[in-house]
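The values are calculated or read from the model by the stated rules, or taken from the named source; none is laboratory data. The shown structure was predicted, so the numbers you read here are calculated from the model rather than taken from an experiment. Because the Cβ atoms are built from the backbone with ideal geometry, glycine has one as well, and the counts that use them run over all protein chains shown.
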Amino acid sequence: MNLILIFIAAAVTNNFVLTYFLGICPFIGVSNRLESAFGMGMATTFVMTLAATVTWLINHYLLIPLHIEFLEYVTFILTIASLVQLVEMFIRKTSPELYRALGIYLPLITTNCAILGLTLFVVLRNYAFLEAVIFGFGAGVGFTLALVVMAGIREELEFADVPKPLKGTGITLIIAGLLALAFMGFGGLISS
Amino acid sequence: MILTATLTMVGLGAFFAIVLAIASQKLKVTEDPKIEELSEALPRLNCGACGFPSCHEFAKAVVEGKDIDTTCRVGGESAAEAISKITGVRKTAAKKIAVVFCGAREGDKTKKAVYKGVATCRSSNIISTGAMNCAYGCLGFGDCMRACPFGAIVMEDGLPKIDPEKCVACGKCVSACPRGIIELLPFDTDNLVVAACRSRDPGSVVRKNCRVGCIACKICERLSGGVFYVEDNHSKLKTERMEEKVDWDQIIKKCPTKTIVKIK
(Lines give C-alpha, C1' and ligand atoms only; values in the text may rest on other atoms or scores of the structure.)
Protein backbone atom coordinates (compact mmCIF):
# COMPACT_ATOMS: atom_id res chain seq x y z
CA MET A 1 0.00 0.00 0.00
CA ASN A 2 2.78 2.32 0.98
CA LEU A 3 4.54 1.69 -2.32
CA ILE A 4 1.43 2.54 -4.32
CA LEU A 5 1.03 5.73 -2.34
CA ILE A 6 4.63 6.71 -3.01
CA PHE A 7 4.17 6.02 -6.70
CA ILE A 8 0.98 8.08 -7.01
CA ALA A 9 2.40 10.87 -4.89
CA ALA A 10 5.53 11.10 -7.04
CA ALA A 11 3.67 10.82 -10.33
CA VAL A 12 0.59 12.95 -9.75
CA THR A 13 0.00 14.80 -6.51
CA ASN A 14 3.59 15.90 -5.97
CA ASN A 15 4.50 15.96 -9.64
CA PHE A 16 8.10 17.06 -9.98
CA VAL A 17 7.49 19.50 -12.78
CA LEU A 18 4.13 20.93 -11.88
CA THR A 19 4.30 21.03 -8.08
CA TYR A 20 8.01 21.29 -7.28
CA PHE A 21 8.87 23.16 -10.50
CA LEU A 22 11.94 21.03 -11.08
CA GLY A 23 13.16 20.26 -14.58
CA ILE A 24 11.51 23.22 -16.28
CA CYS A 25 14.24 23.47 -18.92
CA PRO A 26 13.39 20.23 -20.77
CA PHE A 27 9.73 20.80 -19.93
CA ILE A 28 9.74 23.94 -22.05
CA GLY A 29 12.43 22.85 -24.50
CA VAL A 30 11.25 19.43 -25.65
CA SER A 31 7.49 19.81 -25.31
CA ASN A 32 6.74 21.08 -28.79
CA ARG A 33 6.23 17.69 -30.39
CA LEU A 34 4.38 14.78 -28.82
CA GLU A 35 6.79 12.20 -30.15
CA SER A 36 9.98 13.74 -28.85
CA ALA A 37 8.26 14.68 -25.59
CA PHE A 38 7.41 11.05 -25.03
CA GLY A 39 10.94 9.98 -25.95
CA MET A 40 12.41 12.52 -23.57
CA GLY A 41 10.00 11.35 -20.87
CA MET A 42 11.06 7.75 -21.36
CA ALA A 43 14.77 8.63 -21.29
CA THR A 44 14.28 10.69 -18.12
CA THR A 45 12.21 7.95 -16.48
CA PHE A 46 14.96 5.48 -17.23
CA VAL A 47 17.63 7.75 -15.81
CA MET A 48 15.49 8.64 -12.79
CA THR A 49 14.77 5.03 -11.85
CA LEU A 50 18.39 4.03 -12.31
CA ALA A 51 19.63 7.11 -10.50
CA ALA A 52 17.36 6.48 -7.51
CA THR A 53 18.50 2.86 -7.38
CA VAL A 54 22.21 3.47 -7.76
CA THR A 55 22.38 6.49 -5.49
CA TRP A 56 20.44 4.63 -2.79
CA LEU A 57 23.00 1.84 -2.97
CA ILE A 58 25.91 4.28 -2.94
CA ASN A 59 24.42 6.19 -0.05
CA HIS A 60 23.70 3.16 2.11
CA TYR A 61 26.69 0.97 1.35
CA LEU A 62 29.37 3.60 0.84
CA LEU A 63 28.61 7.04 2.19
CA ILE A 64 26.84 6.14 5.46
CA PRO A 65 29.21 3.33 6.58
CA LEU A 66 32.22 5.52 5.81
CA HIS A 67 30.61 8.57 7.47
CA ILE A 68 31.14 10.76 4.44
CA GLU A 69 27.53 11.81 3.85
CA PHE A 70 28.73 15.30 2.99
CA LEU A 71 29.86 13.89 -0.36
CA GLU A 72 26.29 13.06 -1.29
CA TYR A 73 25.87 15.93 -3.78
CA VAL A 74 29.13 15.26 -5.59
CA THR A 75 28.69 11.52 -5.83
CA PHE A 76 25.08 11.86 -6.90
CA ILE A 77 25.98 14.27 -9.67
CA LEU A 78 28.77 11.95 -10.79
CA THR A 79 26.37 9.02 -10.83
CA ILE A 80 23.71 10.91 -12.75
CA ALA A 81 26.22 12.19 -15.31
CA SER A 82 27.55 8.69 -15.94
CA LEU A 83 24.06 7.25 -16.25
CA VAL A 84 23.09 9.92 -18.75
CA GLN A 85 26.16 9.11 -20.81
CA LEU A 86 25.11 5.50 -20.79
CA VAL A 87 21.56 6.33 -21.85
CA GLU A 88 22.88 8.60 -24.58
CA MET A 89 25.03 5.84 -26.07
CA PHE A 90 22.13 3.43 -25.79
CA ILE A 91 19.66 5.73 -27.56
CA ARG A 92 22.17 6.61 -30.25
CA LYS A 93 22.63 2.94 -30.95
CA THR A 94 19.00 1.89 -30.84
CA SER A 95 17.13 4.90 -32.19
CA PRO A 96 19.04 7.52 -34.19
CA GLU A 97 15.74 9.28 -34.90
CA LEU A 98 15.03 9.83 -31.23
CA TYR A 99 18.68 10.76 -30.73
CA ARG A 100 18.36 13.56 -33.29
CA ALA A 101 14.95 14.67 -32.00
CA LEU A 102 16.23 15.01 -28.43
CA GLY A 103 19.39 16.75 -29.59
CA ILE A 104 21.02 18.89 -26.94
CA TYR A 105 18.35 18.03 -24.37
CA LEU A 106 19.66 14.52 -24.00
CA PRO A 107 23.01 15.47 -22.45
CA LEU A 108 21.09 18.14 -20.57
CA ILE A 109 19.37 15.41 -18.55
CA THR A 110 22.67 15.48 -16.66
CA THR A 111 21.86 18.89 -15.30
CA ASN A 112 18.14 18.23 -14.98
CA CYS A 113 17.46 19.39 -11.46
CA ALA A 114 14.50 17.02 -11.20
CA ILE A 115 16.91 14.09 -11.11
CA LEU A 116 19.29 15.55 -8.54
CA GLY A 117 16.22 16.65 -6.56
CA LEU A 118 14.88 13.12 -6.71
CA THR A 119 18.04 11.54 -5.35
CA LEU A 120 18.21 14.11 -2.55
CA PHE A 121 14.53 13.56 -1.68
CA VAL A 122 15.29 9.86 -1.31
CA VAL A 123 17.92 10.65 1.31
CA LEU A 124 15.81 13.31 2.99
CA ARG A 125 12.75 11.08 3.33
CA ASN A 126 14.69 8.03 4.47
CA TYR A 127 13.15 5.73 1.87
CA ALA A 128 13.90 2.02 1.95
CA PHE A 129 15.43 0.47 -1.16
CA LEU A 130 12.22 -0.61 -2.87
CA GLU A 131 10.51 2.65 -1.92
CA ALA A 132 13.38 4.58 -3.50
CA VAL A 133 13.11 2.63 -6.75
CA ILE A 134 9.33 3.10 -6.92
CA PHE A 135 9.74 6.77 -6.05
CA GLY A 136 12.24 7.20 -8.88
CA PHE A 137 10.03 5.41 -11.35
CA GLY A 138 6.94 7.35 -10.21
CA ALA A 139 8.78 10.65 -10.56
CA GLY A 140 9.82 9.66 -14.09
CA VAL A 141 6.26 8.73 -15.00
CA GLY A 142 5.08 12.05 -13.57
CA PHE A 143 7.69 13.90 -15.60
CA THR A 144 6.61 12.06 -18.75
CA LEU A 145 2.97 12.79 -17.96
CA ALA A 146 3.62 16.51 -17.56
CA LEU A 147 5.73 16.61 -20.74
CA VAL A 148 3.22 14.68 -22.84
CA VAL A 149 0.24 16.72 -21.62
CA MET A 150 2.17 19.89 -22.39
CA ALA A 151 3.22 18.65 -25.83
CA GLY A 152 -0.37 17.69 -26.62
CA ILE A 153 -1.57 21.16 -25.75
CA ARG A 154 1.26 22.83 -27.64
CA GLU A 155 0.59 20.81 -30.78
CA GLU A 156 -3.01 22.02 -30.73
CA LEU A 157 -1.80 25.51 -30.03
CA GLU A 158 0.08 25.60 -33.33
CA PHE A 159 -3.22 26.44 -34.99
CA ALA A 160 -4.44 28.86 -32.37
CA ASP A 161 -4.33 32.60 -32.82
CA VAL A 162 -1.91 33.52 -30.04
CA PRO A 163 -1.38 37.25 -29.38
CA LYS A 164 1.94 38.28 -30.87
CA PRO A 165 3.78 39.22 -27.65
CA LEU A 166 2.88 35.84 -26.10
CA LYS A 167 4.02 33.66 -28.99
CA GLY A 168 6.51 30.90 -28.20
CA THR A 169 7.84 30.65 -24.70
CA GLY A 170 5.41 33.22 -23.26
CA ILE A 171 2.26 31.22 -23.91
CA THR A 172 4.09 28.03 -22.93
CA LEU A 173 4.87 29.40 -19.49
CA ILE A 174 1.28 30.55 -19.05
CA ILE A 175 0.04 27.06 -19.95
CA ALA A 176 2.56 25.57 -17.56
CA GLY A 177 1.09 27.75 -14.80
CA LEU A 178 -2.46 26.70 -15.65
CA LEU A 179 -1.39 23.05 -15.73
CA ALA A 180 0.20 23.46 -12.31
CA LEU A 181 -3.08 24.91 -11.03
CA ALA A 182 -4.94 21.95 -12.48
CA PHE A 183 -2.54 19.52 -10.83
CA MET A 184 -3.18 21.21 -7.48
CA GLY A 185 -6.62 19.60 -7.76
CA PHE A 186 -4.97 16.23 -7.18
CA GLY A 187 -3.68 17.52 -3.86
CA GLY A 188 -6.61 16.05 -1.92
CA LEU A 189 -5.96 12.57 -3.31
CA ILE A 190 -3.42 11.74 -0.65
CA SER A 191 -3.43 13.46 2.71
CA SER A 192 0.09 13.54 4.06
CA MET B 1 38.35 11.51 6.73
CA ILE B 2 39.97 13.33 3.83
CA LEU B 3 41.60 10.11 2.72
CA THR B 4 38.35 8.14 2.79
CA ALA B 5 36.56 10.88 0.93
CA THR B 6 39.27 11.14 -1.71
CA LEU B 7 39.56 7.41 -2.16
CA THR B 8 35.79 7.03 -2.44
CA MET B 9 35.58 9.68 -5.11
CA VAL B 10 38.52 8.22 -7.03
CA GLY B 11 37.04 4.75 -6.73
CA LEU B 12 33.60 5.83 -7.88
CA GLY B 13 35.03 7.88 -10.72
CA ALA B 14 37.18 4.98 -11.89
CA PHE B 15 34.26 2.59 -11.63
CA PHE B 16 31.99 4.76 -13.78
CA ALA B 17 34.82 5.41 -16.22
CA ILE B 18 35.32 1.68 -16.73
CA VAL B 19 31.58 1.07 -17.14
CA LEU B 20 31.34 3.87 -19.69
CA ALA B 21 34.44 2.69 -21.54
CA ILE B 22 33.00 -0.80 -21.87
CA ALA B 23 29.62 0.58 -22.89
CA SER B 24 31.13 2.82 -25.56
CA GLN B 25 32.81 -0.23 -27.09
CA LYS B 26 29.68 -2.34 -26.93
CA LEU B 27 27.33 0.36 -28.18
CA LYS B 28 29.58 1.79 -30.86
CA VAL B 29 27.68 3.34 -33.75
CA THR B 30 29.24 2.53 -37.08
CA GLU B 31 28.91 5.32 -39.58
CA ASP B 32 29.80 5.27 -43.25
CA PRO B 33 33.46 6.39 -43.35
CA LYS B 34 32.62 8.43 -46.46
CA ILE B 35 30.54 10.75 -44.31
CA GLU B 36 33.49 11.54 -42.08
CA GLU B 37 35.75 11.94 -45.11
CA LEU B 38 33.41 14.35 -46.87
CA SER B 39 32.74 16.16 -43.65
CA GLU B 40 36.49 16.78 -43.36
CA ALA B 41 36.55 18.39 -46.81
CA LEU B 42 33.68 20.73 -46.01
CA PRO B 43 34.42 24.07 -44.40
CA ARG B 44 32.94 22.90 -41.06
CA LEU B 45 31.59 26.34 -40.31
CA ASN B 46 28.04 25.02 -39.90
CA CYS B 47 26.77 28.17 -41.59
CA GLY B 48 23.56 26.55 -42.80
CA ALA B 49 23.69 27.92 -46.34
CA CYS B 50 22.87 24.47 -47.73
CA GLY B 51 19.78 24.19 -45.56
CA PHE B 52 21.26 21.68 -43.14
CA PRO B 53 21.99 22.53 -39.52
CA SER B 54 25.60 21.35 -39.76
CA CYS B 55 28.22 20.34 -42.30
CA HIS B 56 28.05 16.83 -40.90
CA GLU B 57 24.32 16.54 -41.58
CA PHE B 58 24.88 17.81 -45.11
CA ALA B 59 27.66 15.28 -45.70
CA LYS B 60 25.38 12.53 -44.44
CA ALA B 61 22.58 13.54 -46.80
CA VAL B 62 25.00 13.64 -49.75
CA VAL B 63 26.47 10.23 -48.97
CA GLU B 64 23.04 8.71 -48.45
CA GLY B 65 22.15 10.00 -51.90
CA LYS B 66 19.18 12.06 -50.79
CA ASP B 67 17.52 14.25 -53.39
CA ILE B 68 19.03 17.57 -52.39
CA ASP B 69 21.01 20.42 -53.84
CA THR B 70 24.49 19.00 -53.47
CA THR B 71 26.40 22.24 -53.66
CA CYS B 72 28.34 23.83 -50.85
CA ARG B 73 28.55 27.54 -51.53
CA VAL B 74 31.17 28.10 -48.91
CA GLY B 75 33.62 25.30 -49.52
CA GLY B 76 34.80 26.38 -52.96
CA GLU B 77 36.91 24.07 -55.10
CA SER B 78 37.99 21.57 -52.47
CA ALA B 79 34.46 20.94 -51.25
CA ALA B 80 33.08 20.69 -54.80
CA GLU B 81 35.80 18.14 -55.57
CA ALA B 82 34.96 16.03 -52.53
CA ILE B 83 31.24 16.15 -53.22
CA SER B 84 31.68 15.27 -56.90
CA LYS B 85 33.66 12.18 -55.87
CA ILE B 86 30.55 10.85 -54.18
CA THR B 87 27.78 12.11 -56.42
CA GLY B 88 29.70 11.78 -59.66
CA VAL B 89 28.37 15.13 -60.81
CA ARG B 90 30.43 18.25 -60.81
CA LYS B 91 28.35 21.25 -59.80
CA THR B 92 29.34 24.65 -58.69
CA ALA B 93 26.89 26.90 -56.98
CA ALA B 94 25.75 30.07 -58.68
CA LYS B 95 27.49 32.92 -56.93
CA LYS B 96 25.16 35.05 -54.91
CA ILE B 97 25.74 38.00 -52.66
CA ALA B 98 23.87 39.65 -49.85
CA VAL B 99 22.61 43.12 -50.74
CA VAL B 100 21.41 45.72 -48.27
CA PHE B 101 18.36 47.59 -49.48
CA CYS B 102 19.08 50.86 -47.77
CA GLY B 103 21.59 53.46 -48.80
CA ALA B 104 21.14 55.97 -46.00
CA ARG B 105 24.36 56.70 -44.17
CA GLU B 106 24.69 58.59 -40.91
CA GLY B 107 23.42 62.10 -41.70
CA ASP B 108 21.26 61.08 -44.64
CA LYS B 109 18.35 60.10 -42.43
CA THR B 110 16.44 62.29 -39.99
CA LYS B 111 15.79 61.15 -36.46
CA LYS B 112 12.75 61.44 -34.23
CA ALA B 113 14.42 60.46 -30.98
CA VAL B 114 17.69 59.55 -29.35
CA TYR B 115 18.02 55.83 -28.69
CA LYS B 116 20.11 54.89 -25.70
CA GLY B 117 19.03 51.29 -25.18
CA VAL B 118 20.80 48.05 -25.95
CA ALA B 119 22.93 48.67 -29.01
CA THR B 120 21.46 46.09 -31.34
CA CYS B 121 19.15 46.59 -34.32
CA ARG B 122 16.70 44.07 -32.92
CA SER B 123 16.12 45.90 -29.63
CA SER B 124 16.11 49.31 -31.25
CA ASN B 125 13.51 48.13 -33.76
CA ILE B 126 11.15 46.96 -31.01
CA ILE B 127 10.85 50.46 -29.54
CA SER B 128 8.46 52.18 -31.94
CA THR B 129 10.41 50.99 -34.99
CA GLY B 130 13.67 52.66 -34.10
CA ALA B 131 14.91 56.16 -33.45
CA MET B 132 14.78 57.42 -37.00
CA ASN B 133 11.78 58.65 -38.92
CA CYS B 134 12.09 56.01 -41.61
CA ALA B 135 10.52 52.76 -40.43
CA TYR B 136 12.10 50.70 -43.20
CA GLY B 137 15.75 51.64 -43.42
CA CYS B 138 18.93 50.31 -41.86
CA LEU B 139 19.16 50.87 -38.11
CA GLY B 140 22.93 50.76 -38.22
CA PHE B 141 23.74 48.77 -35.08
CA GLY B 142 25.31 45.98 -37.09
CA ASP B 143 23.32 42.88 -36.17
CA CYS B 144 24.18 41.58 -39.64
CA MET B 145 27.87 42.22 -39.05
CA ARG B 146 27.78 40.17 -35.85
CA ALA B 147 25.74 37.42 -37.50
CA CYS B 148 28.18 36.99 -40.38
CA PRO B 149 30.37 33.93 -39.79
CA PHE B 150 32.79 35.01 -42.49
CA GLY B 151 33.54 38.57 -41.49
CA ALA B 152 32.23 39.77 -44.83
CA ILE B 153 30.32 42.72 -43.36
CA VAL B 154 31.81 45.89 -41.95
CA MET B 155 29.85 48.89 -40.75
CA GLU B 156 30.70 52.12 -42.53
CA ASP B 157 28.96 55.35 -41.53
CA GLY B 158 26.13 53.35 -40.00
CA LEU B 159 25.59 51.21 -43.05
CA PRO B 160 26.77 47.63 -43.58
CA LYS B 161 29.26 47.18 -46.37
CA ILE B 162 29.44 43.70 -47.82
CA ASP B 163 32.68 42.36 -49.17
CA PRO B 164 31.80 40.37 -52.32
CA GLU B 165 35.00 38.35 -51.97
CA LYS B 166 34.12 37.07 -48.53
CA CYS B 167 30.33 36.84 -48.83
CA VAL B 168 29.15 33.31 -49.60
CA ALA B 169 25.43 34.07 -49.39
CA CYS B 170 24.77 31.83 -46.41
CA GLY B 171 21.81 33.99 -45.45
CA LYS B 172 22.70 34.52 -41.79
CA CYS B 173 22.48 38.29 -42.15
CA VAL B 174 19.15 38.00 -43.98
CA SER B 175 17.53 36.47 -40.94
CA ALA B 176 19.47 38.64 -38.50
CA CYS B 177 18.13 41.90 -39.95
CA PRO B 178 14.96 42.91 -38.08
CA ARG B 179 14.02 45.22 -40.96
CA GLY B 180 14.25 42.45 -43.52
CA ILE B 181 16.16 44.63 -45.93
CA ILE B 182 18.96 42.21 -46.77
CA GLU B 183 18.42 39.93 -49.71
CA LEU B 184 20.51 37.43 -51.63
CA LEU B 185 20.94 38.38 -55.28
CA PRO B 186 22.76 36.62 -58.12
CA PHE B 187 26.27 37.93 -58.49
CA ASP B 188 27.56 36.21 -61.63
CA THR B 189 25.92 38.70 -63.98
CA ASP B 190 27.96 41.50 -65.53
CA ASN B 191 26.19 44.23 -63.63
CA LEU B 192 24.39 44.37 -60.34
CA VAL B 193 22.57 47.63 -59.85
CA VAL B 194 19.84 47.99 -57.26
CA ALA B 195 17.52 50.62 -55.87
CA ALA B 196 18.71 50.66 -52.28
CA CYS B 197 15.48 51.55 -50.53
CA ARG B 198 12.52 49.63 -49.21
CA SER B 199 10.41 52.49 -47.91
CA ARG B 200 6.67 52.07 -48.41
CA ASP B 201 6.03 55.68 -47.43
CA PRO B 202 4.78 58.05 -50.14
CA GLY B 203 7.43 60.22 -51.78
CA SER B 204 6.54 63.33 -49.81
CA VAL B 205 7.16 61.53 -46.51
CA VAL B 206 10.37 59.92 -47.76
CA ARG B 207 11.69 63.34 -48.75
CA LYS B 208 11.37 64.49 -45.14
CA ASN B 209 12.81 61.29 -43.66
CA CYS B 210 15.78 60.60 -45.82
CA ARG B 211 18.07 62.20 -48.35
CA VAL B 212 18.56 59.05 -50.42
CA GLY B 213 15.16 57.35 -50.09
CA CYS B 214 13.20 56.24 -53.14
CA ILE B 215 10.34 58.61 -53.95
CA ALA B 216 8.84 56.35 -56.60
CA CYS B 217 9.30 58.88 -59.41
CA LYS B 218 9.51 56.05 -61.97
CA ILE B 219 12.41 57.56 -63.89
CA CYS B 220 14.35 54.30 -63.53
CA GLU B 221 11.33 52.32 -64.70
CA ARG B 222 11.15 54.41 -67.85
CA LEU B 223 14.89 54.41 -68.56
CA SER B 224 15.37 50.69 -67.98
CA GLY B 225 12.34 49.62 -69.98
CA GLY B 226 10.79 47.85 -67.04
CA VAL B 227 13.79 46.09 -65.53
CA PHE B 228 13.16 48.38 -62.60
CA TYR B 229 9.51 48.73 -61.64
CA VAL B 230 7.78 50.68 -58.91
CA GLU B 231 5.68 48.83 -56.38
CA ASP B 232 4.75 49.67 -52.77
CA ASN B 233 6.12 53.18 -53.29
CA HIS B 234 9.65 52.07 -54.11
CA SER B 235 11.60 50.85 -57.07
CA LYS B 236 12.31 47.14 -57.38
CA LEU B 237 14.60 45.16 -59.64
CA LYS B 238 13.34 42.31 -61.78
CA THR B 239 16.20 39.90 -61.07
CA GLU B 240 15.27 37.59 -63.93
CA ARG B 241 15.82 40.48 -66.36
CA MET B 242 19.17 41.55 -64.93
CA GLU B 243 21.12 40.25 -67.91
CA GLU B 244 19.35 42.58 -70.32
CA LYS B 245 21.19 45.40 -71.99
CA VAL B 246 20.37 48.44 -69.95
CA ASP B 247 22.25 51.69 -69.65
CA TRP B 248 22.87 51.30 -65.94
CA ASP B 249 25.15 54.32 -65.64
CA GLN B 250 22.49 56.54 -67.14
CA ILE B 251 19.92 55.32 -64.63
CA ILE B 252 22.27 55.87 -61.72
CA LYS B 253 22.99 59.36 -62.96
CA LYS B 254 19.34 60.27 -63.54
CA CYS B 255 17.98 59.02 -60.22
CA PRO B 256 17.05 62.27 -58.46
CA THR B 257 17.63 60.95 -54.96
CA LYS B 258 20.69 58.85 -55.76
CA THR B 259 18.89 55.81 -54.48
CA ILE B 260 20.18 53.57 -57.22
CA VAL B 261 23.61 52.19 -56.52
CA LYS B 262 26.01 49.97 -58.34
CA ILE B 263 27.06 46.85 -56.46
CA LYS B 264 29.07 45.50 -59.37
Has region B:174-185 got at least one residue that is loosely packed, with under 14 Cβ neighbours inside 10 Å and farther than 20 Å from B:ASN46 by Cα? yes
Give the number of residues within region B:1-51 that are at pLDDT below 90 and either within 47 Å of the chain's Cα centre (by Cα) or away from chain A (no Cβ under 13 Å) (or both). 29
Which condition does B:ALA216 not pass, out of (1) in a helix (DSSP H, G or I); (2) at positive phi, if it passes all the others? (1)
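Residues checked against (1) modelled with pLDDT of 90 or more; (2) within 14 Å of another protein chain (Cβ to nearest Cβ):
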| site | (1), (2) |
| --- | --- |
| A:PHE27 | no, no |
| A:ASN32 | no, no |
| A:SER36 | no, no |
| A:THR55 | yes, yes |
| A:LEU71 | no, yes |
| A:ASN112 | no, no |
| A:PHE121 | yes, no |
| A:VAL133 | yes, no |
State which residue is nearest to the other protein chains (Cβ to nearest Cβ) when the search covers only region A:73-100 and only residues that are of a type in the set (S, T, N, Q) and under 20 Å from B:ILE22 (Cβ atoms). A:SER82
So B:PHE52 ticks every box in (1) free of Cβ contacts under 8 Å to residues at least 60 places away in the same chain; (2) surrounded by 16 or more Cβ atoms within 10 Å (Cβ to Cβ); (3) farther than 17 Å from B:GLU36 by Cβ but one. Which box is left unticked? (3)
Taking B:LEU45 as meeting all but one of (1) under 20 Å from A:GLU97 (Cα atoms); (2) surrounded by 14 or more Cβ atoms within 10 Å (Cβ to Cβ), write down the number of the exception. (1)
Among the numbered criteria (1) over 11 Å from A:ALA10 (Cβ atoms); (2) not in a helix (DSSP H, G or I), which single criterion is violated by A:MET150? (2)
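Condition check ((1) in a helix (DSSP H, G or I); (2) touching a Pro at 6+ places or on another chain (Cβ under 9 Å); (3) in contact (Cβ under 8 Å) with a residue 12 or more places away in the chain; (4) more than 27 Å from A:LEU124 (Cβ to Cβ)) across all residues:
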site	(1), (2), (3), (4)
A:PHE76	yes, no, yes, no
A:VAL84	yes, yes, yes, no
A:ARG92	yes, no, no, yes
A:ARG100	yes, no, no, yes
Got at least one residue in region A:28-42 being charged (D, E, K, R) and closer than 19 Å to A:ASN126 by Cβ? no
Only one of A:GLY142, A:GLY177 is under 19 Å from the mean Cα position of the chain (by Cα) and surrounded by fewer than 15 Cβ atoms within 10 Å (Cβ to Cβ); which? A:GLY177
Are there any pairs with C-beta distances below 6 angstrom linking a residue in region B:62-87 that is without any contact (Cβ under 8 Å) to a residue 40 or more places away in the chain to a residue that is among the acidic types (Asp, Glu) and in a loop (DSSP other than H, G, I, E, B), with the two at least 6 apart or on different chains, and if so which? B:VAL63/B:ASP32
